[in-house]
Amino acid sequence: VIEAAFQHARYPSMQGEKSAGFFGKVSYGLDNLEIYNLSIGRSEFELRPGKGIGLEINNVSAVFSGTIQYGYGSWL
């Protein structure tokens, strides 16, 4: 089901920043991201009452298209 849903998928542009603890921060941007030819070798699901769904995916291959921007900034 996951493989069929994401066989050809487009995602909206997004930007963000995450703290890297004591070392600084990482900023990122994704523009015009598309996934083609997704193939999943194996996947397993586990229902976790009161928490959600556990998902394990192995042997994944895909072709990505788009622009990825990233940067690292130190606190020092």
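Computed from the coordinates by the stated procedures, all read-outs in this text should not be read as laboratory data. Keep in mind it's a predicted model, so treat the numbers as computed, not measured. Note: ideal-geometry Cβ built from the backbone for every residue, glycine included; neighbour counts use all protein chains shown.
A few comments on the model shown:
- Each residue of segment 40-54 is assigned a 3J(HN,Hα), and the resulting list reads 10, x, 7, 9, 9, 10, 9, 7, 10, x, x, 10, x, 10, x Hz, derived from the Karplus form 6.51 cos²θ - 1.76 cosθ + 1.60 (θ = phi - 60°), x at Gly and Pro.
- Values of log10 I(q)/I(0), in the order q = 0.11 Å⁻¹, for the chain under a Debye, Cα-only, solvent-free model: -0.47
- Segment residue 45-residue 17, extension gain: residue separation times 0.36 nm, minus the distance between their alpha carbons: 7.1 nm
- Restricting the chain to chymotrypsin sites (Phe, Trp or Tyr not before Pro) that sit in a DSSP loop and have at most 10 other Cβ atoms within 10 Å of their own Cβ leaves 75.
- Loop-located trypsin sites (Lys or Arg not before Pro) in the chain whose Cβ has at most 12 other Cβ within 10 Å (DSSP): 51
- Annotation: extensible slack from residue 37 through residue 55 equals 4.4 nm (criterion: 0.36 nm per residue apart, minus Cα-Cα distance).
- Note on the chain: with charges restricted to the Cβ of Lys and Arg (+1) and Asp and Glu (-1), its dipole about the Cα centre is near 200 debye.
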